[in-house]
1. Would you tally the net charge around GLY14, using a Cβ to Cβ cut-off of less than 13 Å, leaving GLY14 out, and scoring K and R as +1, D and E as -1?
2. Under a point spin-label approximation (7 Å from Cα along Cα-to-Cβ), what is the HIS75-LEU38 distance to one decimal in nm?
Amino acid sequence: MDRRNFLRTGAAAGLWAARQAYSAGVRQPVSGARPNILLFVADDLGWGDVGFHGGVNRTPVLDALARSSVELGQHYVCPQCSPTRLSLLTGR
């Protein structure tokens, strides 16, 4: 994948995440500023492995970020990582 396709795919993923957040009832700030969107892709990280989901691992930075932001909680991935990564990178 070349740089242009990578940037295009990243922009498409960011727009999709923003649309999902807005349709979930999240309003944009009154000032009209664009929202900051962070997309974390982690390998072999389960739902309960982070502190803000009740996990035993200490993740203070992620916990603080989760408290002060919007978490998209309805998403589905394949049990193997390669189809999920492919769909994330290609938008299909």
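Here, each number is a calculation from the coordinates, and none is a lab measurement. As the structure is a computational prediction, the values presented were derived from the model and not from experiment. With ideal geometry, Cβ positions are generated from the backbone for all residues, glycine too; neighbour counts draw on all protein chains shown.
1. Around GLY14, the surrounding residues sum to +3.
2. Computed distance between label sites HIS75 and LEU38 equals 1.3 nm.
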